[in-house]
Amino acid sequence: MSILYGLAAVAIFLRLLYAIYYRLVASPLAKIPGPAVSKLIRLWLVYQELTGRRRTYIHDLHKLYGEVVRIAPNEVSFATGEAVKQIYSVGGSGYEKTEFYNLFMNFGARNMFSTLTKGEHSERKRRIADRYAKTYVMQPNILAGIRERAVAFVAKVSQDYAARGSVNVYVPLHCYALDCITHHLFHPYGTHSIEDPEDLKIMQELSYHDSLKARIVQYYLPRLHKLIGKVGNPFASAKKPDLTASYVLENCNNRSASVSDHTVLAKLRTRKDSVPAFEIPSECMDHLAAGIDTTGDGLCFLMWQLSRRESAHIQEKLRAEIQDNPQVPVDDLPYMEAVVKEGLRCYSPIPMSLPRYVPEEGRVLEGYYLPGKTIVSCQAWTLHQLDTKVFPDPEKFVPERWLEEDGKEDRNRLFFAFASGGRGCIGKNLALMEMKILLKEVYGSYRTVIAPEMTASMEISDQIIASRPKGQVCLLRFEEIA
Ligand code: HEM
């Protein structure tokens, strides 16, 4: 018996030795630079994810090892424009998504964002893409809906400022993003969370969740997640967005017949032939969630940055452009465009890596052979900073860099805030118009500065894929321009 145990121990030892040899030496990925620990085990990367440090960990590895880094035994991170093109754009939608995106199913059903394969994705995208096309978003009735919410935002902040001497813009900005996306999805049943305390609860439920750890456990250990969820372990219990779910289900199931023709829901309903009824709430819930924190946090970081002392001249320049061109559409203001783009470069609402599988046959990328099913990704945070020839002083907020002709192509190639290719952000045009219209309403009439009592951290805090200001408080003063 003891001989058998001995043989088993030797077999396990040899197996382990071979695994180490394979990962460090024989694997096709062995030549890719990276720390030995990453080449040997995924656990170190998972630890970074659990502690909300994946983005900065990968970024530091890129600074140390260069544009291509092996971050786990079967995972490689890239930071070049060529990799962006190959991974996310070639063949329309690029490489297939990994199971990570299962986390974004809603009500047990898939939606466009969480579909893994190209075929399924393009079928879903065809159903609704026109609702987010630039020409569609630029229609007067759509823009009027956004402007109406921006005016409500300004009314709310000026009222709160008069009452308290500073405004925590984190709250009304997320309300604004929620009200805009629900207008696009469900008008006339969009939320009015800027003014209505009941709708405000939906924003609070969505924007103050703390589910990072639970979702990492759910991704890596789905069975354990289910099991320990039953005994109320905090690692397993991502808080369910019940109010939001009820709101979405109510609109999709009970009010759908009477929503306006321009809405996404109306479009989903008219294509009954191709959209199974049970998938409609999942799709709408995804757009609602995708539209709130991204635009809300992007605007929050941007307004904070514009309110800092060192940005005073930028704010003045933006205000001058707005005031000198009252009749020019916001989308045609070059400095506004540069300010928004620089905001999204410095504070990408989705700064994390977007994982994809190398196709079965394998691929050569940036000179390295990658076998099929290797996980590859790029992250906006690194693409926007690593190459200092393209982005000199990358940590500085300099909108002017986007106005220079020299190097324009390279900058645009590395700009990844909305990802790119067929699976890039469908809400990009809507989000950009929301941001620009709000900035015009605010900075055309107000000067903002950081309130002296502002002590909350504006450090970027990573969530499962998006990021938000760590303190979730941003106190600003609003001084009316005479
Ligand atoms: C500043 C605001 C926004 C940013 C920075 C942003 C960024 C992104 C990024 C990086 C992706 C790709 C994610 C991935 O591949 O894992 C994405 C996808 C997506 N975004 Fe946005 N987003 C923003 C606003 C919005 C809004 C307002 C909507 C409203 C509908 C939206 C809806 C979506 C959807 C549905 C997808 C999935 C597209 C697909 O799979 O084809 N986003 N977004």
* Asp210 - accessible surface, heavy atoms, 1.4 Å probe, Å² rounded to 10 -> 130 Å²
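Output the direction-averaged projected area (hull surface divided by four) of the convex hull of the alpha-carbon atoms of the stretch 281-411, in nm².
11.4 nm²
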* To do: Can you spot the aspartates and glutamates whose alpha carbon is less than 17 Å from Lys134's alpha carbon? Ignore those fewer than 8 places along the same chain.
  => Asp331, Asp332, Glu337, Glu434
* Structure fact -> In terms of the charge dipole of the stretch 42-184, which places +1 on Lys and Arg and -1 on Asp and Glu at the beta carbon, the residue among Val76, Phe100, Ala177 farthest towards the positive end is Ala177
* To do: Normalising by the residue count of the stretch 31-480, find the relative contact order in percent from Cα pairs under 8 Å and 6+ residues apart.
  => 23 percent
* To do: With everything on Cα atoms, drop me the angle between helix 280-307 and the longest principal axis of the chain, reported from 0 to 90° to the nearest 10.
  => 70 degrees
* To do: About the Cα centre of the chain, how large is the charge dipole given +1 on each Lys and Arg Cβ and -1 on each Asp and Glu Cβ? Please answer in debye to the nearest 20.
  => 1680 debye
* Leu224 versus His262: modelled label distance in nm, points set 7 Å from Cα along the beta carbon direction -> 5.0 nm
* Asked: Can you list the lysines whose alpha carbon sits under 24 Å from that of Lys31, skipping same-chain ones fewer than 8 residues off?
  -> Lys39, Lys63, Lys85, Lys373
* Taking R0 as 25 Å, what's the FRET efficiency between Thr388 and Lys85 from their Cβ-Cβ distance, rounded to 0.05? -> 0.75
* Asked: How do His184, His209 rank by accessible surface area computed with a 1.4 Å probe, from largest to smallest?
  -> His209, His184
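Given charges of +1 on the Cβ of Lys and Arg and -1 on the Cβ of Asp and Glu, with all other atoms neutral, how large is the dipole of the stretch 353-394 about its Cα centre, in debye to the nearest 20? All intermediate terms of the calculation are to be shown ahead of the outcome.
Values: 4 positive and 5 negative charges, 19 e Å.
That gives the stretch 353-394 a dipole magnitude of about 80 debye.
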* **Residue order for Trp304, Trp44 - accessible surface, 1.4 angstrom probe, largest first** => Trp44, Trp304
* Distance from a point 7 Å along Cα→Cβ of Ser122 to each backbone N in the stretch 385-420: keep the residues under 19 Å and list them by number. => 420
* Asked: At what distance in angstrom do the alpha carbon centres of the stretch 3-18 and the stretch 318-345 lie from each other?
  -> 67 Å
* To do: Working from Cα positions, state the angle (0 to 90°, nearest 10) between the long axis of helix 2-21 and the longest principal axis of the chain.
  => 50 degrees
* Structure fact -> In whole percent, the fraction of accessible protein surface over the stretch 31-480 that belongs to carbon or sulfur atoms, probe radius 1.4 Å, stands at 55 percent
* Specify which residue in the list Val46, Ala419, Ala162 is farthest towards the positive end of the charge dipole of the stretch 31-480, using unit charges on the beta carbon of Lys, Arg (+1) and Asp, Glu (-1), about the Cα centre. => Val46
* Asked: With every protein chain in place, what's the accessible area of Tyr136 (1.4 Å probe, Å², nearest 10)?
  -> 30 Å²
* Structure fact -> One finds the C-alpha centres of the stretch 404-429 and the stretch 157-196 to be spaced, in Å, by 29 Å
* Principal-axis tilt of helix 428-443 within the chain, Cα atoms, nearest 10 degrees -> 40 degrees
* Asked: Within straight cross-link reach of Lys201, meaning Cα distance under 16 Å, which lysines are found once same-chain residues fewer than 8 apart are removed?
  -> Lys239, Lys240
* **Spatial extent of the stretch 84-226: Rg and Dmax, with the Cα atoms as the point set, Å** => 19.2, 55
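Over the alpha-carbon set of the stretch 31-480, divide Rg by the Kirkwood Rh and report the Rg/Rh ratio to two decimals. The partial results should precede the final answer.
Details: Rg = 21.6 Å, Rh = 22.8 Å.
Expressed as Rg/Rh, it is 0.95.
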* **Residue-averaged [θ]222 nm for the chain, counting only DSSP H segments that reach four residues, each worth -39500 (n - 2.57)** => -14500 deg cm²/dmol
* Asked: Along the Cα-to-C-beta direction of Lys408, a point sits 7 Å from the Cα; which residues of the stretch 340-359 have their amide N less than 20 Å from that point?
  -> 340-345
* **Per-selection Rg to Rh, the stretch 428-481 - Cα, Kirkwood hydrodynamic radius** => 1.06
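Can you sort Thr115, Thr56 by 1.4 Å-probe accessible area, starting with the largest?
Working: Thr115 0, Thr56 50 Å².
Accessible-area ranking of Thr115, Thr56, largest first: Thr56, Thr115.
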* Asked: Hey, how many Å between the Cα centroid of the stretch 346-383 and the Cα centroid of the stretch 265-310?
  -> 25 Å
* Structure fact -> Along the dipole axis of the chain (charges at Cβ: +1 for Lys and Arg, -1 for Asp and Glu; origin at the Cα centre), the most positive-end residue among Asn111, Ser260, Val328 is Asn111
* Asked: Which net charge results when you count Lys and Arg as +1 and Asp and Glu as -1 among the other residues whose beta-carbon is under 9 Å from that of Leu212?
  -> -1
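The values are calculated or read from the model by the stated rules, or taken from the named source; none is laboratory data. What you see is a predicted model, and the numbers here were worked out from it, not measured in a lab. Heads up, the Cβs are rebuilt from the backbone with ideal geometry, glycines too, and the neighbour counts pull from every protein chain shown. Accessible surface areas use protein heavy atoms only, side chains included; no ligands, DNA or RNA. Shrake-Rupley method; radii C 1.70, N 1.55, O 1.52, S 1.80 Å.
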